[in-house]
Amino acid sequence: MADESAARTNLLGLTPVELEAFCVGLGEKPFRARQLLTWIYKRRVGDFDEMTDLGKELRARLAAVAEIRPPEIVSEHVSADGTRKWLLRAGRSDNRDQAIEAVFIPEPGRGTLCISSQVGCALDCAFCSTGAQGFNRNLSAAEIVGQVWLANQRLGAGAGGERAVTNVVLMGMGEPLANYKAVLPALRIFLDDRCFDLSRRRVTLSTSGLVPQIYRLAEDINVALAVSLHAPNDALRDRLVPINRRHPIKELLEACWHYLDAQNGRSITFEYVLLEGVNDQPEHARELVKLLRGREAKVNLIPFNPFPGSDFVRSGRDSIAWFRDHLNASGVTATVRRTRGDDIDAACGQLAGRVHDRTTVRLGSKMVSVGVEA
Ligand code: SAH
Ligand code: SF4
């Protein structure tokens, strides 16, 4: 089975342009791509047999060389507040099952899906349990897109084309800009009106600050950018977000302002996990104001989500409120991220607490949780 499907092209990973080329490669007219896209994204059909306007012979040929295959669900959890979490199989490596997560957060008028871009992460931020797992592998474009496709299907998004997932955030496992090759086509598929047709403000890429890739992204695509800042000076950020040693704050902010200019963006969201006694003191708030005041920037303060073995403590309610109020009073817009789905461990933060194994998430064992923006 696995070998058979490995030889097939998963159409979920192809942009409309690539799908056209694929159809032409099969000796078909390019307009077949348009028909396929309508079936896949508008009617949410994953079985070629149901694609009645394609002709029997073409359907059989497609079934032999292609597939529409989202990641396989290992488990699905629904929280009392409606948050839903899927643990998804991401293949095997070193004889171990690998898993990633996608989390859906319903809110009045919108539904946000938080998706993963890698299995594990190499960047090793001090407060992140994905980082503590180490890096396993990049997801393919089909695996990234498949998370959204699957969520829409599972949520019973109407056959009439109404969407369950209205917003996508790349804030699950992994550093999206370290998997540029797969993330860029996935972003194109999220935005394309023949596919998910999401507006650029409804697709958010969160990065820990890979500066060269931010410049590249500015050339390639227009999505909302969230940047994991977490510290207002290099000495502290070097410790919390080690990639800062290579791309310090000044360089990172220059790349951010460049991205806004190039993409006519409104603002960048800066994520800031509040760690008690580490980066939540009045002097940190004041330094942060100096960095961001007068800029097109918003700060999203994230209560730290602890996990076993982590060295940090979540800042107290009062410090969080003080930090937020100080920023706002000083002209830097700040909000505190609400945690959701606590009862199913879908709360803010990365794969917190339940990862037994430092290199891979064990399937079927306890659950993990990912960072989501409420
Ligand atoms: N790698 C990307 C995107 C995934 S992490 C990035 O770092 O931006 C998504 C967000 O969750 C980041 O802002 C990250 O810093 C934050 N995060 C990681 N671990 C966390 C934890 N234990 N508690 C709260 N937020 C956490
Ligand atoms: Fe990787 Fe983001 Fe976690 Fe840092 S915070 S280790 S970049 S997933």
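The values are calculated or read from the model by the stated rules, or taken from the named source; none is laboratory data. Since the structure is predicted, the reported quantities are computational estimates derived from the model, not experimental observations. Cβ: placed from backbone, ideal geometry, glycine included. Neighbour counts: every protein chain shown.
Taking the numbered list (1) under 16 Å from the mean Cα position of the chain (by Cα); (2) on the phi > 0 side of the Ramachandran plot in turn, A178 passes all entries but (2). For segment 234-244, a residue qualifies if it is within 14 Å of F270 (Cβ to Cβ) and in contact with a helix residue (DSSP H, G or I) (Cβ under 7 Å, 6 or more places away or on another chain), and the qualifying residues are R237, N244. When D197 is tested against (1) at pLDDT 95 or above; (2) within 16 Å of ligand 2 (Cβ to nearest atom); (3) in a loop (DSSP other than H, G, I, E, B), exactly one condition is not met: (2). Comparison of N305, N279, N300 shows that the only residue that is in contact with a Ser or Thr (Cβ under 9 Å, 6 or more places away or on another chain), at pLDDT below 95 and buried (at least 17 other Cβ atoms within 10 Å of the Cβ) is N305. Exactly one residue out of R188, R110 is away from ligand 1 (no atom under 16 Å from the Cβ), within 27 Å of L260 (Cβ to Cβ), more than 12 Å from the chain's Cα centre (by Cα) and modelled with pLDDT under 95: that is R110.
Scan segment 110-138 for residues that are among the aliphatic types (A, V, I, L, M) and either at positive phi or within 13 Å of ligand 2 (Cβ to nearest atom) (or both) and jot them down. If the condition is that a residue be among the aliphatic types (A, V, I, L, M) and either at positive phi or within 13 Å of ligand 2 (Cβ to nearest atom) (or both), then I115, V119, A122, L123, A126, A132 are the ones that fit. Among the residues examined, G161 does not qualify as modelled with pLDDT under 95, of a type outside the set (F, W, Y), within 16 Å of ligand 1 (Cβ to nearest atom) and in contact with a helix residue (DSSP H, G or I) (Cβ under 9 Å, 6 or more places away or on another chain).
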